[in-house]
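Quick notes on the structure that follows.
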Amino acid sequence: NASNLIQGIERCRAAGAKVVNMSLGGSSSSSAESTAMTNFYNGGMLLVAAAGNAGNTSFSYPASYNAVISVAAVDSSRNLASFSQRNSQVELAGPGVGVNSTWNNGGYNSISGTSMASPHVAGVAALVWSNHPTCTAAQIRAALTATAQDRGAAGRDTSFGFGIVQAKAAVDRLNTNRCR
């Protein structure tokens, strides 16, 4: 529930985290949760969440809060996954089909979902930020969206957002423009 999620992010902040991945979501929004996400973001944290796996245009939360980067899933051919949510809150896309990940049996499993795409984007955000630690969360977010590989309709669209996250392009942009 909202209070558990807020408490979890608070614990991440207390531990020094600047980027938080949320491979979770649901259809219900909460004003307390929305306010908390805005406060975390305004306080310097970059929040990233799975857009949802219903394959339709409904909103999923926390991904659909403005303070959170909503992540869609693409396959190895850079096509939108059929299950990925498509809505106005989708901001970036990442690999989310057939992703090998650790599993609860101590081994590995091939998993598909926006919950696999979201940590890719969070990882890229952390990598980019580690190369430019004086930037703010908003500046890292802007670099990620400005350098995303555009897919689908030109510019931002409801399927890919700004496009597929690109680590080197974001670092290169900040190398050139600094934290602007």
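If I filter the stretch 114-130 for residues that are outside any helix (DSSP H, G or I) and open to solvent by 30 Å² or more (accessible area, probe 1.4 Å), do I get at least one hit? Write out each step before concluding.
Let us first name the residues in the stretch 114-130 that are outside any helix (DSSP H, G or I), namely none.
Among the residues of the stretch 114-130, not one is outside any helix (DSSP H, G or I) and open to solvent by 30 Å² or more (accessible area, probe 1.4 Å), which makes the answer no.
The rows are residues; the columns are (1) open to solvent by less than 40 Å² (accessible area, probe 1.4 Å); (2) outside any loop (DSSP other than H, G, I, E, B); (3) basic (Lys, Arg).
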{"position": "Phe59", "(1), (2), (3)": "no, no, no"}
{"position": "Ser84", "(1), (2), (3)": "yes, no, no"}
{"position": "Asn87", "(1), (2), (3)": "yes, no, no"}
{"position": "Leu92", "(1), (2), (3)": "yes, yes, no"}
{"position": "Val97", "(1), (2), (3)": "no, no, no"}
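With respect to the conditions (1) in contact with a Phe, Trp or Tyr (Cβ under 7 Å, 6 or more places away or on another chain); (2) buried (at least 21 other Cβ atoms within 10 Å of the Cβ); (3) over 20 Å from Gln85 (Cα atoms), Ala148 falls short on a single one, namely (3).
Can you pull out every residue in the stretch 3-43 that is in a helix (DSSP H, G or I) and among the charged types (D, E, K, R)? Working first, answer last.
Of all residues in the stretch 3-43, those in a helix (DSSP H, G or I) come to 3-14, 31-42.
Within the stretch 3-43, Glu10, Arg11, Arg13, Glu33 meet the criteria.
For Val128, state whether it is of a type in the set (Val, Ile, Thr) and under 14 Å from the mean Cα position of the chain (by Cα). Show your work before the answer.
Numbers: of a type in the set (Val, Ile, Thr): yes; under 14 Å from the mean Cα position of the chain (by Cα): yes.
It is true that Val128 is of a type in the set (Val, Ile, Thr) and under 14 Å from the mean Cα position of the chain (by Cα).
The values are calculated or read from the model by the stated rules, or taken from the named source; none is laboratory data. Note that this is a predicted model, so its numbers are computed, not measured. Every residue, glycine as well, gets a Cβ built from its backbone with ideal geometry; the counts of neighbours run over all protein chains shown. Calculation scope for accessible area: heavy atoms of the full protein, side chains included, ligands and nucleic acids excluded. Shrake-Rupley method; radii C 1.70, N 1.55, O 1.52, S 1.80 Å.
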